[in-house]
Amino acid sequence: MKISYSKQDRYVYTGLRFFSLVVVCLLIAIIFQLFKASKLAFDEFGLSFVLSDFWNPVEDEFGALAFIYGTVITSLLSLLLAGPVSIFVAIFINEFLPKKLASILGVFVELIAAIPSIVFGLWGLYYLAPFVKNYISPFLKKYLGFIPLFQGTSFGIGILTASLILAIMIIPTITSVCREVFRSIPNLRKEAALGLGATKYEMVKLAIINPSFSGIMGALVLGLGRALGETMAVAMVIGNNPVISTSLFSSGATMASVMANEYAEADSELHLSALCYIGLLLFVVTFIVNLFARTIVWNNSRKSRS
Amino acid sequence: MKSLLILSLLGFSINCFAVLKINGAGASFPYAIYSKWISEYSKVNKDIQINYQSIGSGGGIRQLIKETVDFAATDAPMKKKDKKKAKWPVLHIPTVLGAVVVAYNGDSIGKDLKISGSVLADIFLGKITKWNDKAIKGLNPKRNLPDQEILVVRRADSSGTTSVFSSYLSDVSQEWKSKIGAGKSLRWPTGIGAKGNEGVTALVKQTEYAIGYIDLAHAMKNNIYTVSLKNKDGKFVKASVETISSSAKSYQASADDFTASLINKEGSDSYPISAFTYFLLPIKEKDSKLSEIHNFFNWSLSDGQKYAKDLYYAPLPKNVADKVLKKIKGL
């Protein structure tokens, strides 16, 4: 069984093409199914579904705005918290730690990604939520209470706690991608910067962070993608209340969490369909966010090339 | 080598023929007792292998309609719409009773708080917001109640527990009935949503001034403060296996239907938020599989009932069980 050299390439090409097509077909099939399943709700509510925050399964009235708001706000907040931390951790591990220690710490960070989200959820419910209620919220209220974001009563469960959990969950993703990006910078440039008399801080700024802007953006997008879709951990600590509130202490609900919460026991067709509609919207939101981040990356790489 | 393979294949296929597999799916609330029944029944009758998946009442009904399972289980009776979709008429068979317990954080309130149905509805409507409200004080005159906001904790996921609880509130409060209604998931006027009975239990236990509703098993196992609820006869009753069973004592089943509500029933020691949980059995031509299912249900309603109490489910009162058994026999 020896394949001739001339055919080898062709077989590999056909095989690879097949597998990439499978991925594309899967995606199309999922979108198609979502469309089909959400048709009933789409016919009933149309686009006003996106603009209404009224969600009442008893009366079969549905609107997704509160869930879209919850998803976007928790994801962005978690990115805001996790982004800087992850970038600093990546720089610290790569540039400041001795090689052996670096690889050990690297493994530790990556192990966070291996913890199942239900464990994060339970930990959040039993330990983080009381901690937020007793320490973090009073602290924020005392010093930043004049901002509407930090007003109102905190029960420990809510948008802030959900964002904190999400931040912890996306740190390993962002950190490991950032580390790869930083590692791809040639040593020559770092040495050149140091040779020109740069301090270590200046070297990190000039030779590492500035040229890897698009890479860092890519890492952040990956992290954001995980935050947008995270379900179980969020559902356990967000309070699952479809309301739009300016306070971070208030409870909220995300698109993924409402699907997880209500799909299994939904018994009206319209309710099921509305949940699928939310799934479709989650898809759209993720797509828009990704597109937005990609544009930043493209613009930047074009700028740096010219 | 080859003969070994054939032999093992043969053995496997014989095994397949000998064991009859029965698939069921549905409610997660009675999962503990059903899995106990299944494991005990497999000791009695070794030729039957029953598999029950607790995917939720709604999922169980959908699978029964699609005929991917042999029987289903649900907490709330099937809706008319769903009944029409099924190919065969479906019989509701009550299996055990469950209850919804109102739990609260008693750190500064103390145990055995007394609550009436209308006060409970007002708390969950957000009309009574403080623990030292006149209405609560009136029911507990000797108690020193704190001047603190009540935190309402409720289920976030759709569940039979919510359905039973909201049916009760609709029964005792006209305002609840017209504004909110009953269902597995609601548009809640106040409070925060926790996931699952365990989520509500955790929140109520760790948050001072919280009140919520959970099933009896979670309340008993977690040693949480529970209220004494005023029943139809005006007595304050705590939820227990006995008081729940007692609410079904005067239960009048019509000839072929066991789906009448158990909410707020008469009887001085009846706990008002009690409910049956059901097996759903398609009524069709009897084959060997169906008669094995009948046998299993017969066993569950007679010998199986003694396992209920240890798992915090209330067994069916004898008169109800007899009626149901007679009905199954008549099929």
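Just need a number here: residues in segment A:186-207 that are outside any helix (DSSP H, G or I) and of a type in the set (V, I, T). Spell out how you get there, then give the answer.
Taking segment A:186-207 and keeping what is outside any helix (DSSP H, G or I), we get A:186, A:196-199.
Filter once more, so that each one left must be of a type in the set (V, I, T): A:199.
Residues in segment A:186-207 being outside any helix (DSSP H, G or I) and of a type in the set (V, I, T): 1 in total.
Would you check which residues across segment B:59-70 are touching a helix residue (DSSP H, G or I) at 6+ places or on another chain (Cβ under 6 Å) and either part of a strand (DSSP E or B) or facing chain A (nearest Cβ under 10 Å) (or both) and list them?
B:I61
Exactly one condition in (1) aliphatic (A, V, I, L, M); (2) buried (at least 17 other Cβ atoms within 10 Å of the Cβ); (3) part of a helix (DSSP H, G or I) is not met by B:L316; state its number.
(3)
What residue, of A:S48, A:S6, A:S20, is without any contact (Cβ under 8 Å) to a residue 40 or more places away in the chain, out of contact with any Ser or Thr (no Cβ under 8 Å at 6 or more places or on another chain) and under 30 Å from A:R183 (Cα atoms)? Walk me through it before giving the result.
Values: A:S48 fails: under 30 Å from A:R183 (Cα atoms); A:S6 fails: under 30 Å from A:R183 (Cα atoms).
After applying the criteria, what remains is A:S20.
If you take the residues in segment B:162-175 that are within 11 Å of chain A (Cβ to nearest Cβ) and open to solvent by less than 10 Å² (accessible area, probe 1.4 Å), which one is nearest to the chain's Cα centre (by Cα)?
Ranking the qualifying residues of segment B:162-175, first place goes to B:T162.
Has segment B:82-105 got at least one residue that is farther than 30 Å from B:D257 by Cα, open to solvent by less than 10 Å² (accessible area, probe 1.4 Å), away from chain A (no Cβ under 14 Å) and hydroxyl-bearing (S, T, Y)? So that I can check it myself, show each step before the final result.
Let us first name the residues in segment B:82-105 that are farther than 30 Å from B:D257 by Cα, namely B:103-105.
Narrowing further to those that are open to solvent by less than 10 Å² (accessible area, probe 1.4 Å): B:103-105.
Then keep just the ones that are away from chain A (no Cβ under 14 Å); that gives B:103-104.
Narrowing further to those that are hydroxyl-bearing (S, T, Y): B:104.
Checked against the condition, which is being farther than 30 Å from B:D257 by Cα, open to solvent by less than 10 Å² (accessible area, probe 1.4 Å), away from chain A (no Cβ under 14 Å) and hydroxyl-bearing (S, T, Y), segment B:82-105 yields at least one hit.
Take the conditions in the same structural domain as B:L229 (by TED's automatic domain parsing) and under 22 Å from the mean Cα position of the chain (by Cα) and apply them to B:L145. Does it pass? Let's see the steps before the verdict.
Numbers: in the same structural domain as B:L229 (by TED's automatic domain parsing): yes; under 22 Å from the mean Cα position of the chain (by Cα): no.
It is false that B:L145 is in the same structural domain as B:L229 (by TED's automatic domain parsing) and under 22 Å from the mean Cα position of the chain (by Cα).
Name the one entry in B:K84, B:K46 that is over 15 Å from B:L280 (Cβ atoms) and of a type outside the set (F, W, Y). Write out each step before concluding.
Details: B:K84 fails: over 15 Å from B:L280 (Cβ atoms).
Residue meeting the stated conditions: B:K46.
Can you tell me which residue among B:K309, B:K232, B:K286, B:K265 is in the same structural domain as B:A194 (by TED's automatic domain parsing) and open to solvent by 50 Å² or more (accessible area, probe 1.4 Å)?
Among B:K309, B:K232, B:K286, B:K265, only B:K232 is in the same structural domain as B:A194 (by TED's automatic domain parsing) and open to solvent by 50 Å² or more (accessible area, probe 1.4 Å).
Inside segment B:71-84, can you point out the residues that are out of contact with any helix residue (DSSP H, G or I) (no Cβ under 8 Å at 6 or more places or on another chain) and either of a type in the set (V, I, T) or touching a residue at least 60 places away in the same chain (Cβ under 8 Å) (or both)?
Start the filter on segment B:71-84 by keeping residues that are out of contact with any helix residue (DSSP H, G or I) (no Cβ under 8 Å at 6 or more places or on another chain), which leaves B:77, B:79-81, B:83-84.
Selection gives B:P77 alone.
Please determine, by comparing only the residues of segment A:52-72 that are surrounded by fewer than 19 Cβ atoms within 10 Å (Cβ to Cβ) and in a helix (DSSP H, G or I), which one is farthest from the other protein chains (Cβ to nearest Cβ). Step through it out loud before you land on a result.
Taking segment A:52-72 first, the residues surrounded by fewer than 19 Cβ atoms within 10 Å (Cβ to Cβ) are A:52-54, A:56, A:58-61, A:65, A:72.
Subset that is in a helix (DSSP H, G or I): A:65, A:72.
Working: A:L65: 14, A:V72: 20 Å.
Applying the filter and picking the extreme gives A:V72.
If I ask for residues that are away from chain B (no Cβ under 14 Å), crowded, with 16+ Cβ neighbours inside 10 Å and assigned to a loop (DSSP other than H, G, I, E, B), which ones from segment A:141-184 would you list?
Once the filter is applied, which keeps residues that are away from chain B (no Cβ under 14 Å), crowded, with 16+ Cβ neighbours inside 10 Å and assigned to a loop (DSSP other than H, G, I, E, B), segment A:141-184 yields only A:Q151.
Quick one: which residue in A:A219, A:A235, A:A207 is buried (at least 18 other Cβ atoms within 10 Å of the Cβ) and more than 30 Å from A:S257 (Cα to Cα)? Write out each step before concluding.
Details: A:A219 fails: more than 30 Å from A:S257 (Cα to Cα); A:A235 fails: more than 30 Å from A:S257 (Cα to Cα).
On inspection, the qualifying residue turns out to be A:A207.
What about A:L16, is it modelled with pLDDT of 90 or more, surrounded by 10 or more Cβ atoms within 10 Å (Cβ to Cβ) and within 29 Å of the chain's Cα centre (by Cα)?
Working: modelled with pLDDT of 90 or more: yes; surrounded by 10 or more Cβ atoms within 10 Å (Cβ to Cβ): yes; within 29 Å of the chain's Cα centre (by Cα): no.
Judged against the criteria, A:L16 is not a match.
Can you report the number of residues in segment A:95-118 which are assigned to a helix (DSSP H, G or I) and open to solvent by less than 70 Å² (accessible area, probe 1.4 Å)?
Going residue by residue through segment A:95-118, those that are assigned to a helix (DSSP H, G or I) are A:95-96, A:99-112, A:117-118.
Then keep just the ones that are open to solvent by less than 70 Å² (accessible area, probe 1.4 Å); that gives A:95, A:102-103, A:105-106, A:109, A:112, A:117.
Final tally of qualifying residues: 8.
Scan segment B:193-214 for residues that are within 11 Å of chain A (Cβ to nearest Cβ) and open to solvent by 10 Å² or more (accessible area, probe 1.4 Å) and jot them down.
Scanning segment B:193-214 gives B:K195, B:E198, B:K205, B:Q206, B:E208, B:Y209.
Looking only at segment B:128-161, filter to residues that are surrounded by fewer than 18 Cβ atoms within 10 Å (Cβ to Cβ) and touching a Pro at 6+ places or on another chain (Cβ under 9 Å); which one of those is farthest from the other protein chains (Cβ to nearest Cβ)?
Out of the qualifying residues, it is B:N132.
Restricting to segment B:1-31, what's the tally of residues that are surrounded by fewer than 18 Cβ atoms within 10 Å (Cβ to Cβ) and modelled with pLDDT of 85 or more?
Going through segment B:1-31, the residues surrounded by fewer than 18 Cβ atoms within 10 Å (Cβ to Cβ) turn out to be B:1-21, B:23, B:31.
Those still in the list that are modelled with pLDDT of 85 or more too: B:21, B:23, B:31.
Matching residues across segment B:1-31 total 3.
Please verify whether segment A:257-275 includes one or more residues that are closer than 17 Å to B:R155 by Cα, assigned to a helix (DSSP H, G or I) and more than 9 Å from chain B (Cβ to nearest Cβ).
Yes; the residues of segment A:257-275 include at least one that is closer than 17 Å to B:R155 by Cα, assigned to a helix (DSSP H, G or I) and more than 9 Å from chain B (Cβ to nearest Cβ).
Hey, among the residues in segment B:33-58 that are open to solvent by 40 Å² or more (accessible area, probe 1.4 Å) and in contact with a Phe, Trp or Tyr (Cβ under 8 Å, 6 or more places away or on another chain), which one's farthest from the other protein chains (Cβ to nearest Cβ)?
Among residues in segment B:33-58 that are open to solvent by 40 Å² or more (accessible area, probe 1.4 Å) and in contact with a Phe, Trp or Tyr (Cβ under 8 Å, 6 or more places away or on another chain), the one farthest from the other protein chains (Cβ to nearest Cβ) is B:V44.
Please specify each residue of segment B:18-38 satisfying the condition of being assigned to a strand (DSSP E or B) and of a type in the set (V, I, T). Outline the logic, then answer.
Filtering segment B:18-38 for residues assigned to a strand (DSSP E or B) gives B:20-26.
Across segment B:18-38, the qualifying residue is only B:I22.
Sort through A:F49, A:F92 and tell me the only one that's hydrophobic (A, V, I, L, M, F, W, C), away from chain B (no Cβ under 14 Å), within 27 Å of A:S247 (Cα to Cα) and surrounded by 12 or more Cβ atoms within 10 Å (Cβ to Cβ). Step through it out loud before you land on a result.
Details: A:F92 fails: within 27 Å of A:S247 (Cα to Cα).
Exactly one of A:F49, A:F92 is hydrophobic (A, V, I, L, M, F, W, C), away from chain B (no Cβ under 14 Å), within 27 Å of A:S247 (Cα to Cα) and surrounded by 12 or more Cβ atoms within 10 Å (Cβ to Cβ), namely A:F49.
Just give me the residues in segment A:119-140 being of a type in the set (V, I, T) and either outside any helix (DSSP H, G or I) or modelled with pLDDT under 90 (or both), in sequence order.
First, the residues of segment A:119-140 that are of a type in the set (V, I, T): A:119, A:132, A:136.
Once the filter is applied, which keeps residues that are of a type in the set (V, I, T) and either outside any helix (DSSP H, G or I) or modelled with pLDDT under 90 (or both), segment A:119-140 yields A:V132, A:I136.
Do you know which residues across segment B:60-77 are closer than 14 Å to A:E265 by Cβ and surrounded by 23 or more Cβ atoms within 10 Å (Cβ to Cβ)?
The first filter runs over segment B:60-77 and keeps only residues closer than 14 Å to A:E265 by Cβ, leaving B:60-63, B:72-76.
Selection gives B:G60, B:I61, B:A72, B:A73, B:T74, B:D75, B:A76.
Scan segment A:191-240 for residues that are without any contact (Cβ under 8 Å) to a residue 24 or more places away in the chain and of a type outside the set (A, V, I, L, M, F, W, C) and jot them down.
A:E191, A:G195, A:G197, A:T199, A:Y201, A:E202, A:K205, A:N210, A:N240
Examine segment A:212-234 for a residue that is within 12 Å of chain B (Cβ to nearest Cβ) and not in a helix (DSSP H, G or I), and state whether such a residue exists.
For segment A:212-234, residues within 12 Å of chain B (Cβ to nearest Cβ) and not in a helix (DSSP H, G or I): present.
The values are calculated or read from the model by the stated rules, or taken from the named source; none is laboratory data. This structure is a prediction, so every number in the text was calculated from the model and none was measured. Cβ coordinates were reconstructed from backbone atoms using ideal geometry, including for glycine residues, and neighbour counts include every protein chain displayed. Accessible surface areas use protein heavy atoms only, side chains included; no ligands, DNA or RNA. Shrake-Rupley method; radii C 1.70, N 1.55, O 1.52, S 1.80 Å.
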